[in-house]
Amino acid sequence: MERATFNVLFFIKRAKRLKNGNVPISARITVNGERAEFGIQKSVDDEQWCSQKGGVLGFSKDAKKLNAYLDLIKRKLYQFRQDLEESGRVLTAELVRNAYLGIEENAKTILGTFSDHNQRCRKLVGIDFAIGTCERYETCYRHLANFIQHTYDKSDVFLRDINPTFVKDFEFYLKTERKCAHNSATKYLKNFKKITRIANSNGWMKKDPFVNTKFHLEDVDMDFLSTDELELLMSKHLSVPRLQLVKDIYLFCCFTGLAFIDVSNLVYSDLKERDGKTWIVKKRQKTKNWCNIPMLDPAVQIMEKYKSHPVCLSTGKVLPVLSNQKMNAYLKEIADLCGIEKNLSTHTARHTFATTVTLSNQISIEVVSKMLGHSSINMTKKYARVVDDLINKDMTKIYGKYEQVEIL
């Protein structure tokens with residue numbers, strides 16, 4: 001078999017000039033006309049560089065030292081060439097370069113590992129994962145791929161190159177280029193951390209890039225409807241069928257506290273009759289905790305309204321719920337039509353139930369927590385904001401106590 005042509009050349013990259021004015025030196029390996037390049041982590045004054053020689057001009061101590069280093073690299077590359085040929089491998093420029101850099105031929109990459117995880121996640125939807133969880137990992141994967149291309153001009157990165165600086169740069173990219181809020185960026189970083197944890201546990205990474213990273217979520221005050229706004233929405237008839245449907249489903253959630261995924265999956269087998277009342281008794285999709293909710297009259301009316309809807313008849317669902325994206329888009333239109341100056345979303349209905357429908361009407365936080373399907377009351381406290389009416393009701397208990405007291 002004819003031996004492959006092999007050549008090693010050193011050159012400088014003037015377009016990549018460093019802050020000190022020097023230019024970096026790179027090595028180029030050519031095998032049968034195919035090239036592979038890599039930086040040698042050395043730089044030089046471009047006026048001292050000789051392209052024909054592939055080295056530094058002059059006989060100074062620094063020049064001799066650098067040329068000796070270049071000769072050492074060349075000898076090593078030729079040795080790797082010989083070793084690879086003797087092993088019977090088909091010689092390529094990339095193979096020689098990788099051998100010199102210590103890159104394993106089958107080294108794992110971050111996007112490859114992430115993709116494998118997401119494929120397994122998809123197959124476990126409905127078993128170990130909810131579809132929403134799977135979609136969040138896939139979105140995180142796309143953000144990470146775009147970050148690597150944007151920051152490193154590469155299609156992927158080896159796991160061994162992931163370090164704390166990479167993590168910080170990814171967070172910076174999410175907040176600046178993708179315009180993610182702090183909490184959104186943090187959630188994506190948590191998704192990313194799971195992939196690096198898998199890589200660490202399998203021995204594909206030497207160090208944990210998140211070792212000194214602590215996550216914290218900022219408290220966010222979610223909008224909710226006041227009593228007046230809730231009554232306004234209930235009395236508003238919308239002539240556009242799709243908006244009327246979304247309004248009804250939103251109100252159903254306001255009077256049951258169900259999250260979007262739970263109302264979307266609500267079927268008649270989740271309804272139980274107790275003491276002449278209809279109850280919703282089901283496990284929450286997110287936490288798998290049971291929630292027990294006696295249905296108030298407005299919710300019952302909405303349920304009866306859609307009992308014969310074609311979608312409900314064909315699927316067995318209680319309501320013909322649209323996608324979360326469409327629901328949220330249409331809720332913005334509904335808010336404008338009703339003159340409600342709040343950022344309505346499907347989740348604000350759950351907050352409305354916790355604050356306006358229940359706690360404002362003297363329902364204990366323990367009972368509200370059980371209906372919401374929370375694991376602890378601390379979770380419920382994030383939903384429950386004390387409104388002015390509730391403060392006023394409690395303060396009336398002590399108004400008269402101090403009326404006769406004179407301040408001296």
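The values are calculated or read from the model by the stated rules, or taken from the named source; none is laboratory data. Note that the structure is a prediction, hence the values are computed from the model and not measured. When we count neighbours, we look across all protein chains shown, and the Cβ atoms used for this are built from the backbone with ideal geometry, even at glycine. Heads up: the accessible areas ignore ligands, DNA and RNA and are worked out on the full protein's heavy atoms, side chains in. Shrake-Rupley method; radii C 1.70, N 1.55, O 1.52, S 1.80 Å.
Split the accessible area of region 180-226 by element, probe 1.4 Å, and carbon with sulfur accounts for 48%.
The lysine pair tally for region 74-189, using Cα distances under 20 Å and a gap of 8 or more places or different chains, is 6. For Ser155 and Asn378, the FRET efficiency from 1/(1 + (r/R0)^6), where r spans their Cβ atoms and R0 equals 35 Å, is about 0.20. Share of Cα-Cα pairs in region 6-140 beyond 25 Å, in percent? Percentage above 25 Å: 49. Using only side-chain charges placed at the Cβ, +1 for Lys and Arg and -1 for Asp and Glu, the dipole size of region 227-273 relative to its Cα centre rounds to 220 debye.
Divided by 2.2 N^0.38 Å, where N counts the residues, the Cα radius of gyration of region 267-324 comes to 1.18. Taking one equal scatterer on every alpha-carbon of region 177-255, how large is log10 of I(q)/I(0) by Debye at q = 0.13, 0.18, 0.24 1/Å? Values, matching the q order: -0.68, -0.84, -1.08. When each of the peptides 54-67, 26-39 is scored by the mean number of other C-beta atoms lying within 10 Å of its residues, the order from highest to lowest reads 26-39, 54-67. The portion of the accessible surface of region 1-83 made up by carbon and sulfur, rounded to a whole percent, is 48 (1.4 Å probe; DNA, RNA and ligands excluded).
For the chain, the solvent-accessible area of protein heavy atoms averages 60 Å² per residue (probe radius 1.4 Å; ligands and nucleic acids excluded). Based on every Cα atom in the chain, Rg and the maximum pairwise Cα distance Dmax equal 32.3, 111 Å. Using Cβ point charges alone (K and R +1, D and E -1), the dipole size of the chain about the Cα centre works out to roughly 1440 debye.
Over region 183-310, the ratio between the Cα radius of gyration and 2.2 N^0.38 Å evaluates to 1.53. For Ser201 and Phe59, what does the FRET efficiency come to when R0 = 41 Å and r is the distance between their Cβ atoms, rounded to the nearest 0.05? Efficiency, rounded to the nearest 0.05: 0.15.
In this structure, the pairs whose alpha-carbon distance is over 29 Å, taken from Lys326/Lys382; Lys307/Lys342; Lys13/Lys64; Lys342/Lys370, are Lys307/Lys342.
Just checking the listed ones, Ile12, Ile148, Ile195: in the Gaussian network model of the chain with Cα springs under 10 Å, the one fluctuating most is Ile12. Above 16 Å, the calculated P(r) of region 225-268 contains 41 percent of its Cα-Cα pairs. Give me the one-decimal nm value for the distance between modelled label points at Gln325 and Lys175, 7 Å along each residue's Cα-to-Cβ direction. Label at Gln325, label at Lys175, 2.8 nm between them. Once the chain from Thr133 to Ser364 is taken as fully extended at 0.36 nm per residue, the excess over their C-alpha distance is 80.0 nm.
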